[in-house]
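**Q** Below are the structure tokens for one structure; questions will follow.
The values are calculated or read from the model by the stated rules, or taken from the named source; none is laboratory data. Keep in mind the model is a prediction, meaning the values are calculated, not measured. Because the Cβ atoms are built from the backbone with ideal geometry, glycine has one as well, and the counts that use them run over all protein chains shown. Keep in mind that these areas ignore ligands, DNA and RNA; they rest on the heavy atoms of the full protein, side chains included. Shrake-Rupley method; radii C 1.70, N 1.55, O 1.52, S 1.80 Å.
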Amino acid sequence: MIFRLPLKALTALPLLLAMLLAWVLPAASAYTFKLDAAGYHPEATKTAIVEDVTAGTDVQFEVFDPDAPGLIPYTKGRVVLKVEKIRKYVDPKMAGPGAERWILDFSEIREPGDYILRIKGQQEGVLFTVSEFLYWDTLIPTVRSFYLQRSGQEIDDRRTGLFKALSHAEDGLIITEDGEVYRKDVTGGWYNSGNYDKQTTPTAVSVAEMLALYEANPKTMNFMKLEYPLTEPGLGDLPDYLHEIRYGLDWLLAMQRNDGAFYRKVAGRSYPGLVRPEEDYQQRFIYGITTQDTAAATAALAMASRNYQKKDVGYAVKTLLAAQRGWRFLESHPEQIMDVSVDDDSGSPEYLNPGAEKAYRFWAASELYLATGKPEYHQYVLDNYKDLVVEPFSWRNPAMMGMMNYILYAPEDEPKVSRYFRAQIVRAADMLLDRIDENSYNISLKQFTEGSNHQLLEHQAILLNAYRLTRKDKYRRAATESVRYFFGLNPLGKTFVTGLGENSVKNPSHRLVRVTHKVIPGLLVAGPNHFAKDGKTPAGLHALSYIDDPKAADVNKTEIMYNASLVYVLGMLNAVYNNSQ
């Protein structure tokens, strides 16, 4: 016997099936999916987090490829993976009572393309991308953000629509001990942050980290195109990447005195109001010298002399001579110099760490030895290397850069020194691995303090350096999984880099962004701060102590050092996964 359904029943069948599935299957909206908004490299592990899952729930997940040939001829789309690798965590701090956080591993997906991660049987899910170019594609806007934060130059950027007129073209004024005032030309350089200040130590640290990436991968970085306007001065003389770094280096050169010492910053006496940089009409002053800033600039310029040698030998000589003058000043002034007045931070922050004097001098001597091979610089390294405090590279302690570069590039290294440095870096990486294993977000922070995102980046840099030294994949894997924190795999599901993903930061604490209402893509913000005191951030909530508010300066400020660290990490990940490192 054959049963025939009435026509009305046939037309209503899809609706009836949908209602039945909705009743039988769990609703996707009941769960919170968190993925890497930047994407996943084909060769890397691939994980996502599902939150708000009631303990004891039995639900399955699958990966759907909308472009794959369907199971029925002439159709598209099919399930390409049933996700079977699931780790479950109970985390009462981050989820409701009885809820679990599930970590899904779908690393078997290796073919480039766009996919949908979803609950089995559901039509909707979350989109993710697999691409061998993901680190390169995120690296370019991060580097390009330096161009959009230049001082002393008009910017008319067609790519973003950002326009700013010529700004701070009269930098800056020096007041002598006798009270006389004269102008020294220190125009140019990058604004350190949204305050329009320019700082020697942060610029030197930023330049150094970007040069470290170039020194490791010159052929790859020479291919980078930053889409400058055709009127860009000097365009074409250098690869775009070195061209942009030179804008920071030129400003460092201008900040040097005739005796070799370096002034530490250029800024007004007061923080600017909410104005465009060209509308900041206050007088701008050049602030006094320090041996810390002199050593930082010396180290960065010595690195520049090595990296520009093949592309612009004249500039390489120029930066080396300036670095050597800086070192002669340091040698003739073995005592620490901090020419700082009590009111010098009234219009801009200070970046001074008196306790790191030896670390800065070691860094300068190490880079000069690598640039010249001269024994006088090597001797300083040999005499002082065991006195260093081993910490992540930062403006507070730059020794890690000198240690790593010594291992990689010393013309005639002392084996006991190289072994010591290598052991220190690997030991630091192993300590970070232990911290990462303690949480489901693969991050190494013990607590969220000022600039937590920057701290985390430098942890990732240590992991990548340990991988370069040992080729042990555990370090590369940990860095890969940890960097996803910035792109959505975090308790907030927030991308902390502007212009990347639907849930990226929209309101950085940055005057130029606020007054132009234009996004500068690629800016990394400071990140969650448990101890924030800006009056906007919800303090005391650890990883949740963040708000995307332009007035939340403790968590939403930007600095060129943050971006330089992001450049290094993204660039090295691109290198280690694409076989150029």
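**Q** Is it fair to say LEU213 is in contact with a Phe, Trp or Tyr (Cβ under 7 Å, 6 or more places away or on another chain), under 29 Å from LEU408 (Cα atoms) and either part of a loop (DSSP other than H, G, I, E, B) or open to solvent by less than 40 Å² (accessible area, probe 1.4 Å) (or both)?
**A** yes
**Q** A follow-up question, please. Quick check: is even one residue across the range 132-153 within 25 Å of the chain's Cα centre (by Cα), more than 26 Å from MET561 (Cβ to Cβ), in contact (Cβ under 8 Å) with a residue 40 or more places away in the chain and open to solvent by 40 Å² or more (accessible area, probe 1.4 Å)?
**A** Within the range 132-153, one or more residues are within 25 Å of the chain's Cα centre (by Cα), more than 26 Å from MET561 (Cβ to Cβ), in contact (Cβ under 8 Å) with a residue 40 or more places away in the chain and open to solvent by 40 Å² or more (accessible area, probe 1.4 Å).
**Q** If you don't mind, there's one more thing I want to ask. Exactly one of (1) surrounded by fewer than 19 Cβ atoms within 10 Å (Cβ to Cβ); (2) modelled with pLDDT of 95 or more; (3) not polar (S, T, N, Q) is unmet by GLY56. Its number?
**A** In the conditions (1) surrounded by fewer than 19 Cβ atoms within 10 Å (Cβ to Cβ); (2) modelled with pLDDT of 95 or more; (3) not polar (S, T, N, Q), GLY56 misses (2) alone.
**Q** Of all residues in the range 213-227, which are within 23 Å of MET561 (Cβ to Cβ) and touching a helix residue (DSSP H, G or I) at 6+ places or on another chain (Cβ under 6 Å)?
**A** Hits for the range 213-227 are LEU213, TYR214, GLU215, ASN217, MET221, MET224, LEU226.
**Q** Quick one: ASP156 ticks every box in (1) of a type in the set (Asp, Glu); (2) in contact with a strand residue (DSSP E or B) (Cβ under 7 Å, 6 or more places away or on another chain); (3) farther than 30 Å from MET221 by Cα; (4) surrounded by fewer than 13 Cβ atoms within 10 Å (Cβ to Cβ) bar one, so which box is it?
**A** (3)
**Q** Name the residues in the range 540-581 that are closer than 30 Å to SER131 by Cβ and of a type in the set (Gly, Ala, Ser), would you?
**A** Residues satisfying the conditions are ALA543, ALA564, SER565, GLY571, ALA575, SER580.
**Q** Report yes if some residue within the range 176-198 is open to solvent by 40 Å² or more (accessible area, probe 1.4 Å), among the hydroxyl-bearing types (Ser, Thr, Tyr) and without any contact (Cβ under 8 Å) to a residue 40 or more places away in the chain; otherwise report no.
**A** yes
**Q** Tally up the residues in the range 549-563 that are charged (D, E, K, R) and over 18 Å from the mean Cα position of the chain (by Cα), please.
**A** Residues flagged as charged (D, E, K, R) and over 18 Å from the mean Cα position of the chain (by Cα) within the range 549-563 amount to 2.
**Q** Moving on to the next point. Which of the residues spanning the range 87-116 are modelled with pLDDT of 95 or more and under 17 Å from SER440 (Cβ atoms)?
**A** Across the range 87-116, the qualifying residues are LEU104, ASP105, PHE106, SER107.
**Q** Determine whether the range 539-551 contains at least one residue that is part of a loop (DSSP other than H, G, I, E, B), surrounded by 24 or more Cβ atoms within 10 Å (Cβ to Cβ) and either among the aliphatic types (A, V, I, L, M) or at pLDDT 95 or above (or both).
**A** There is at least one residue in the range 539-551 that is part of a loop (DSSP other than H, G, I, E, B), surrounded by 24 or more Cβ atoms within 10 Å (Cβ to Cβ) and either among the aliphatic types (A, V, I, L, M) or at pLDDT 95 or above (or both).
To keep it simple, each residue is scored yes or no on (1) open to solvent by 10 Å² or more (accessible area, probe 1.4 Å); (2) part of a loop (DSSP other than H, G, I, E, B); (3) more than 28 Å from ALA356 (Cβ to Cβ); (4) touching a helix residue (DSSP H, G or I) at 6+ places or on another chain (Cβ under 6 Å).
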residue: PRO202; (1), (2), (3), (4): no, no, no, yes
residue: PRO229; (1), (2), (3), (4): yes, yes, yes, no
residue: ASP237; (1), (2), (3), (4): yes, yes, yes, no
residue: ARG264; (1), (2), (3), (4): no, no, no, yes
residue: ALA267; (1), (2), (3), (4): no, no, no, no
residue: TYR281; (1), (2), (3), (4): yes, yes, yes, no
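**Q** Can VAL313 be described as free of Cβ contacts under 8 Å to residues at least 24 places away in the same chain and either under 27 Å from the mean Cα position of the chain (by Cα) or closer than 19 Å to LEU238 by Cβ (or both)?
**A** When the stated conditions are applied, VAL313 passes them.
**Q** Looking at the structure I just gave you, is ALA37 open to solvent by less than 50 Å² (accessible area, probe 1.4 Å) and at pLDDT 50 or above?
**A** no
Residues are listed down the side, and each one gets a yes or a no for (1) assigned to a loop (DSSP other than H, G, I, E, B); (2) over 23 Å from MET401 (Cβ atoms); (3) open to solvent by less than 20 Å² (accessible area, probe 1.4 Å):
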residue	(1), (2), (3)
ILE462	no, no, yes
ARG476	no, no, no
VAL483	no, no, yes
LEU489	yes, yes, yes
LEU492	yes, yes, no
GLY499	yes, yes, no
VAL513	no, yes, yes
